[in-house]
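One structure below.
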Amino acid sequence: MKILIYNSGGGLGDSIQLFDTIITLREKFGKNNIYYLSAHQNHFNNALKNYNINLNALKHDILYFGFRWWHLFCSIKKIQKNNLIDEFDLIIDLQSKFRNTIILKKFLHKNFYSSTFNFKFCTTKNDYVSSKYELKNIIFNLEKLLDTQIPQKKYNINFINKEYFDTAKKLLPENNYVGFSMTQGNKYRKKSWSLDKFINLAKEITTRNKKPVFFIEKENTELIDEIKKKISNALFPELETSLFGPPLITALSTRLEKAVSIDNGIMHMIGLANIPMIVLFGPTNSEKFAPKIDKIDILDSKLIYNSNDILKIKVQDVLILLK
């Protein structure tokens, strides 16, 4: 059974949120039968490669596939031919824009799943449920579409090479570590909490015999230097190893007692470790983007202070949850 998954999201977090869905489909239909088409960069074959999801990339040379009406008239049959696929048994459309869905339906297929226009484009009509805030509902809906049971699976971090965990244990060999992620990837939305607040928070946890661990890219030297000047015991484990990338963040997170993060890609990397987290939200939707893990506290300025401004959240709000 050949399956095509179409993802229009561009961020690392958008892709990480799909891990459980993809693993579930792999277990049911075979790991070599799933093809992936992204409107933006294919993170599974790049930054997320060492999570070992191992999807087949649908090869094409069209930039921002699905986001231009002229894509409707490009040679989609040629794309399938070049990928040695005559027809997909199932196409899964993970977005809900009319234009993108119409273009995606041009691929030859037997079954089509999409939430666009309240599931009007699905090949089988049924009482599907929204997956906007719960991606696991995609699997429930596919069970109805295909009339088959699909056992839900979760991504297991043991897919990550053991080298990452060995390195994490060497870098963070003790206990009482609290992780912090403060930099945002999407520069168009003001999702960042202020540096001063993170510093005050880190200083306070130090008085409680906790060790602050910061996840900041090596290239961000000015920010790292500024934190070092104000917090003498701040740890930056990524600076101490030649390993790098998202799987290292996940492995390091297994060494933490708890983590505090804004809404960013690192939040999702930490979430894969399934440790207790406190996540801070401002303009973005916490119900949709917060990691679905066992223990998580969400501080959403919209809910607490009726404001999109994440800076409304106080250091004391976080400290109460850290007790």
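Restricting attention to the range 220-264, which residues are over 20 Å from N156 (Cβ atoms), open to solvent by 20 Å² or more (accessible area, probe 1.4 Å), touching a residue at least 40 places away in the same chain (Cβ under 8 Å) and not aliphatic (A, V, I, L, M)?
If the condition is that a residue be over 20 Å from N156 (Cβ atoms), open to solvent by 20 Å² or more (accessible area, probe 1.4 Å), touching a residue at least 40 places away in the same chain (Cβ under 8 Å) and not aliphatic (A, V, I, L, M), then E240, T241, E257, K258 are the ones that fit.
Got at least one residue in the range 278-285 being within 30 Å of Y155 (Cα to Cα), in contact with a helix residue (DSSP H, G or I) (Cβ under 8 Å, 6 or more places away or on another chain) and not in a strand (DSSP E or B)?
yes
Which members of the range 75-98 meet the condition of being under 12 Å from S8 (Cα atoms) and not small (G, A, S)? Spell out the reasoning first.
Restricting attention to the range 75-98, the residues satisfying the condition of being under 12 Å from S8 (Cα atoms) are 92-97.
Correct list: I92, D93, L94, Q95, K97.
Looking only at residues that are in a loop (DSSP other than H, G, I, E, B) and among the hydroxyl-bearing types (S, T, Y) in the range 286-316, which one is surrounded by the most Cβ atoms within 10 Å (Cβ to Cβ)?
In the first step, residues of the range 286-316 are kept if they are in a loop (DSSP other than H, G, I, E, B); the result is 290-295, 305-309, 313-314.
Adding the requirement that they be among the hydroxyl-bearing types (S, T, Y) leaves 305, 307.
Values: Y305: 17, S307: 14.
Filtering first and then ranking leaves Y305.
Determine, yes or no, whether T206 is open to solvent by 40 Å² or more (accessible area, probe 1.4 Å), within 24 Å of L322 (Cα to Cα), β-branched (V, I, T) and touching a Pro at 6+ places or on another chain (Cβ under 8 Å). Talk me through it step by step, then tell me what you get.
Working: open to solvent by 40 Å² or more (accessible area, probe 1.4 Å): yes; within 24 Å of L322 (Cα to Cα): yes; β-branched (V, I, T): yes; touching a Pro at 6+ places or on another chain (Cβ under 8 Å): yes.
Yes: the conditions hold for T206.
Exactly one of these conditions fails for I62: (1) among the β-branched types (V, I, T); (2) assigned to a loop (DSSP other than H, G, I, E, B); (3) over 30 Å from E163 (Cα atoms); (4) open to solvent by less than 10 Å² (accessible area, probe 1.4 Å). Give me its number.
(4)
Inside the range 78-188, counting only strands (runs of 3 or more DSSP E) that do not spill past its ends, which hold 2 or more residues that are aromatic (F, W, Y) and over 25 Å from S286 (Cβ atoms)?
Fully inside the range 78-188 and qualifying: 109-114.
Considering only the range 110-127, state which residues are closer than 21 Å to W70 by Cα and not hydroxyl-bearing (S, T, Y).
F121
The values are calculated or read from the model by the stated rules, or taken from the named source; none is laboratory data. Because the structure is predicted, anything quoted here is derived from the model rather than measured. Positions of Cβ are backbone-derived with ideal geometry, glycine not excepted, and every protein chain shown enters the neighbour counts. Heavy atoms of the whole protein, side chains included, go into the accessibility calculation; ligands, DNA and RNA do not. Shrake-Rupley method; radii C 1.70, N 1.55, O 1.52, S 1.80 Å.
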